[in-house]
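To start, the structure under review is shown below, and the notes come after it.
The values are calculated or read from the model by the stated rules, or taken from the named source; none is laboratory data. Fair warning: this is a prediction, and the values are worked out from it, not measured in the lab. Methodologically, a virtual Cβ is constructed for each residue, glycine included, from the backbone with ideal geometry; neighbour enumeration extends over all protein chains shown. For accessibility, only protein heavy atoms count, side chains too; no ligands or nucleic acids. Shrake-Rupley method; radii C 1.70, N 1.55, O 1.52, S 1.80 Å.
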Amino acid sequence: MTAPVAMPEPYTPQPHSAPLTAPLPGGFVAAIRPLDPAAPWVRAWEDLGRRALVTNPFYEAPYALAAAPSFGAGVRMLLVADRPPEEPGARFAAAWPHRRVTRRWGLPLPVLMGWTHGYAPLGTPLLDGEVPGPALSALLAAPQALGEPPRLLLQNATADGPFAALLDHAGARRAAYWAHQRGMLDASSANEAERAAYLDHLSGNRRRRLRRARRRLEAGGDIAFTLLGAPAQFPAALDAHIALEAASWKGQVGTALAQRPDEAAMLRGAVAALAQTGRVRIAQLRQGERLIASMVLPLAGRDAFVLKVAHDDTDPAAATGVQLVHRLTEAVLASREIDRIDSCAPPGFELATLFWTERRSIAHLLLEAGHDPLFPVAMRLERGRESLARLKLAMHERRKAS
């Protein structure tokens, strides 16, 4: 078991996050508030998360507030509600955590940039699924009503599905950057026969390799897969996860959670907060008493999201990480508890697409919020920023290969 990790100091909202409130058409109110766990409107935020058109646990109150001490400096909430957020009975239509960035492009052209970080890989705003169109229209109208920049940059947002359809209907100008396809399992509409046949796409060669790796692993002892859901199980499971990660290549290069106490504390806090409402699972692969692979999965509705993965890499031929994803896929397809799993994987991460055939389009989306005569300039500047970053990345890869 790893040594206890000190919890971070209580989060203090940033002083420049001054409250702002303004009326909007359609009976809505726009507001900017600090990311504050003591705010009286946290319950309304939680309720919105349960009604969200596109599920995003990383933007829901329990997870976002747990991440605030480590990653929330300068973050504000852009809220749309039927009344000022502090008033009793407020019902939220939209919520979007963001920062106001003044010189993203080296010029005094500010932008509101969605909050993402290494533990929040999805940046789609929370929109009330019962009135998604009016909620989005109000969110896009809110910045100018509040005297904020009329341009939003949503990092790692969904670029397909119902959110993209809403953007199309709203007619707001937008541009996509760093677009890629993220591996995903989606059995939400599959019947029993289709679930049973889901993995039939694996080639004969892939199946032989999986059987060979499984036999190699089982030669050292019986293997058991479990999907933990009881809150009492999570502290020990996280201890084991952190220790396993520290023993892997991440520990060797200094990026393991055990070497980043604030991030370890954030993960513990987020899991504890989600566990209060049964909205997190930890998948484990064990050989006897020894943990050989682990995955932390926040839940939102019937959707799961891959947050952290750790696996024993002492014997690459045993492919413990691959075997964990294989067993998890089989378990999810055999039950009705989880319909979808978002891999939350970066571009080119093959494990996410080995077993899961569905794809989710992800991109940084630059949106025009109201009338913005400088929006074409912002689009060109962001495209230039992307091109420069891609050039630097290609040069780095060439140096690594040489």
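Scan 186, 200 and give me the residue that is closer than 20 Å to residue 332 by Cα, touching a strand residue (DSSP E or B) at 6+ places or on another chain (Cβ under 7 Å) and at pLDDT 95 or above.
Working: 200 fails: touching a strand residue (DSSP E or B) at 6+ places or on another chain (Cβ under 7 Å).
Of 186, 200, the one residue that is closer than 20 Å to residue 332 by Cα, touching a strand residue (DSSP E or B) at 6+ places or on another chain (Cβ under 7 Å) and at pLDDT 95 or above is 186.
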How about region 334-359: which of its residues are among the hydrophobic types (A, V, I, L, M, F, W, C) and either at pLDDT below 90 or buried (at least 20 other Cβ atoms within 10 Å of the Cβ) (or both)? 338, 341, 344, 345, 349, 351, 352, 355, 356
Just need a number here: residues in region 36-62 that are outside any loop (DSSP other than H, G, I, E, B) and in contact with a Gly (Cβ under 9 Å, 6 or more places away or on another chain). 9
Mind checking which pairs have a first residue in region 368-388 that is on the phi > 0 side of the Ramachandran plot and a second that is at pLDDT 95 or above and in a loop (DSSP other than H, G, I, E, B), Cβ under 9 Å, 6 or more apart or different chains? 370/150
Within region 170-181, is even one residue surrounded by fewer than 22 Cβ atoms within 10 Å (Cβ to Cβ), within 25 Å of the chain's Cα centre (by Cα) and hydroxyl-bearing (Ser, Thr, Tyr)? yes
With within 16 Å of residue 94 (Cβ to Cβ) and at pLDDT 95 or above as the only criterion, which of 110, 132 stands out? 132
Check residue 260 against each of (1) closer than 15 Å to residue 119 by Cα; (2) open to solvent by less than 80 Å² (accessible area, probe 1.4 Å) and name the one condition it does not meet. (2)
Which pairs turn up if I take residues in region 228-242 that are open to solvent by 10 Å² or more (accessible area, probe 1.4 Å) and look for partners that are among the hydroxyl-bearing types (Ser, Thr, Tyr) with beta carbon separation below 7 Å, at least 6 apart in sequence or on another chain? 239/2; 240/294
Got a number for residues in region 18-71 being open to solvent by less than 10 Å² (accessible area, probe 1.4 Å) and over 28 Å from residue 162 (Cα atoms)? 1
Failed criterion for residue 317 (all others in (1) open to solvent by 40 Å² or more (accessible area, probe 1.4 Å); (2) under 25 Å from residue 266 (Cα atoms); (3) among the aliphatic types (A, V, I, L, M) hold): (2)
Which one of these does residue 267 not meet: (1) touching a helix residue (DSSP H, G or I) at 6+ places or on another chain (Cβ under 9 Å); (2) farther than 16 Å from residue 70 by Cα; (3) open to solvent by less than 30 Å² (accessible area, probe 1.4 Å)? (2)
Considering region 112-146 alone, what residues qualify as being assigned to a strand (DSSP E or B), open to solvent by less than 10 Å² (accessible area, probe 1.4 Å) and out of contact with any helix residue (DSSP H, G or I) (no Cβ under 7 Å at 6 or more places or on another chain)? 114
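Grab the strands (runs of 3 or more DSSP E) fully contained in region 286-402, keeping just those with 1 or more residues being within 30 Å of residue 147 (Cα to Cα), aliphatic (A, V, I, L, M) and under 24 Å from the mean Cα position of the chain (by Cα). Lay out the reasoning, then the answer.
Values: elements: 290-300, 303-305, 308-311, 340-342, 358-368.
In region 286-402, the matching strands (runs of 3 or more DSSP E) lie at 358-368.
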Could you tell me whether region 234-243 includes any residue that is among the aliphatic types (A, V, I, L, M), in contact with a Leu (Cβ under 7 Å, 6 or more places away or on another chain) and modelled with pLDDT under 95? no
Does region 167-181 contain at least one residue that is within 17 Å of residue 359 (Cβ to Cβ) and assigned to a loop (DSSP other than H, G, I, E, B)? no
Being touching a residue at least 12 places away in the same chain (Cβ under 8 Å), of a type outside the set (Val, Ile, Thr) and closer than 18 Å to residue 230 by Cα is the filter here, so list the residues in region 308-336 that pass it. 328, 331
For residue 366, which of the numbered conditions (1) open to solvent by 50 Å² or more (accessible area, probe 1.4 Å); (2) within 28 Å of residue 55 (Cα to Cα); (3) not small (Gly, Ala, Ser) fails to hold? (1)
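Within region 74-97, can one find any residue that is assigned to a loop (DSSP other than H, G, I, E, B), closer than 17 Å to residue 344 by Cβ, open to solvent by less than 10 Å² (accessible area, probe 1.4 Å) and modelled with pLDDT of 95 or more?
Of the residues in region 74-97, the ones assigned to a loop (DSSP other than H, G, I, E, B) are 74-75, 82-91.
So of that shortlist, the ones also closer than 17 Å to residue 344 by Cβ come out as none.
The answer is no; no qualifying residue exists.
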Return the residues of region 336-374 that are small (Gly, Ala, Ser) and closer than 19 Å to residue 199 by Cβ; say none if nothing qualifies. 343, 345, 352
Check off (1) surrounded by fewer than 23 Cβ atoms within 10 Å (Cβ to Cβ); (2) in contact with a helix residue (DSSP H, G or I) (Cβ under 8 Å, 6 or more places away or on another chain); (3) closer than 21 Å to residue 22 by Cα for residue 105 and give me the number that stays unchecked. (3)
